[in-house]
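These notes concern the structure reproduced below.
The values are calculated or read from the model by the stated rules, or taken from the named source; none is laboratory data. All figures in this text were calculated on a predicted structure; none of them were measured in a lab. Cβ placement follows ideal geometry from the backbone for every residue including glycine, while neighbour counts extend to all protein chains displayed. Side chains are part of the model used for accessible areas, which takes the heavy atoms of the whole protein and leaves out ligands, DNA and RNA. Shrake-Rupley method; radii C 1.70, N 1.55, O 1.52, S 1.80 Å.
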Amino acid sequence: MTFLHRNAPVDMKTILHHDGALGDVLLSLPIMNSIRRDSALLHFVGCADIGDLLRQFRLVDEATSSGSSRYASLHAGEIDAGTAAFLRTFERAFLFTVNGHSALASSLRAVIPRTTIIITIPSGPGDRHISDFRMRQVGLPAQKADGRALIVPKRFEALACAQLRRFGHDGFAPVLTVHPGSGGATKIWPLERFFSLIERLKKLFAPFVLLLTGPAESDSMKVRVDEFSRRQVGMAHVSDADLTTVAALLARSGLFIGNDSGAGHLAASVGCPVLSLFGPTDPERWAPRGPRVEVIKARALAEIDVDQVYSLAAALLPAGRN
């Protein structure tokens, strides 16, 4: 078992490899924050857009894409000399992976002896949240999910406020952000029910609504979302925005409603109250971690009706200035 803070020089250069999707990486933020505090320099290797978010929000100092040709030889078992020379500039490495015996894991250990492997998903069933499962591997206690894991820099807060003004927000109405998509078809609540929910919430609470869509959503969904938003007053469709922009807008939101997706994890990470709809995945293990997260769970998302979501959303949505 590795204890991150025990006998760890604070001037240590660290490389961290985590090429999971957005939600997967965000569930590792408690460990990454701890690693950051122990490192003079932290280099992140993973999805390019996630790396940019972490760098812009100062959780890491540098970031490169795991798809870069620089890292190709690590998966082949014969390490390129240039790659090896680059890796030797780091005193330690952390690899977040589902397979601790992969060629990548062996290659990292061969070049950086002080390499810690963190298995991201347990091999068998368990009642532990995925984030806690990972923290236990490095000797960290389970943490209360009552704080923000990502702090939005002031300049991005200002940009988000300016963008909301351009969308038509008056600065007083609560901001409701809705993400109707997800990476898997079985994780998506019917779009018509999202529309019905939004119309009911607008009638009673008059929130300013942001509708998010991204790379995981189909073009047909984006068209329908855009058409719906254009018919409404006090609503904007934010499509394919970069993660730093999305995170800053979520930090200004009074409530996020969405399916089991990376956007929900991002909302929780910046401190936004979250209402997540779960179908096939287990929220006891995969729910977002944040100051206020509520979950509605059903065997299939089609079993969740609008009344259920409306009742909980109405209790969560702030009534005054955001």
Taking residue 60 and the conditions (1) of a type in the set (Val, Ile, Thr); (2) in contact with a Ser or Thr (Cβ under 6 Å, 6 or more places away or on another chain); (3) touching a residue at least 24 places away in the same chain (Cβ under 8 Å), which numbered condition does it fall short on, given that it satisfies the others?
(2)
Whichever residue in segment 102-128 is open to solvent by 70 Å² or more (accessible area, probe 1.4 Å) and modelled with pLDDT under 95 and, among such residues, is nearest to residue 43 (Cα to Cα)
121
Looking only at segment 306-313, decide whether some residue is modelled with pLDDT of 95 or more, part of a loop (DSSP other than H, G, I, E, B), surrounded by fewer than 23 Cβ atoms within 10 Å (Cβ to Cβ) and out of contact with any Ser or Thr (no Cβ under 7 Å at 6 or more places or on another chain).
no
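Against the definition (farther than 28 Å from residue 206 by Cβ and either among the hydroxyl-bearing types (Ser, Thr, Tyr) or touching a strand residue (DSSP E or B) at 6+ places or on another chain (Cβ under 9 Å) (or both)), how does residue 273 come out, yes or no?
Numbers: farther than 28 Å from residue 206 by Cβ: no; either among the hydroxyl-bearing types (Ser, Thr, Tyr) or touching a strand residue (DSSP E or B) at 6+ places or on another chain (Cβ under 9 Å) (or both): yes.
No, not satisfied.
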Return yes when residue 133 is farther than 18 Å from residue 24 by Cα and either at pLDDT 90 or above or among the small types (Gly, Ala, Ser) (or both) and no when it is not.
no
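Looking only at segment 1-19, how many residues end up being assigned to a loop (DSSP other than H, G, I, E, B) and either modelled with pLDDT of 95 or more or touching a Lys or Arg at 6+ places or on another chain (Cβ under 7 Å) (or both)?
Step one: of segment 1-19, the residues assigned to a loop (DSSP other than H, G, I, E, B) are 1-11, 18-19.
Restricting the remaining residues to those that are either modelled with pLDDT of 95 or more or touching a Lys or Arg at 6+ places or on another chain (Cβ under 7 Å) (or both) gives 18.
Of the residues in that region, 1 qualify.
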Tell me, yes or no, whether segment 102-113 has at least one residue that is farther than 30 Å from residue 248 by Cβ and assigned to a strand (DSSP E or B).
no
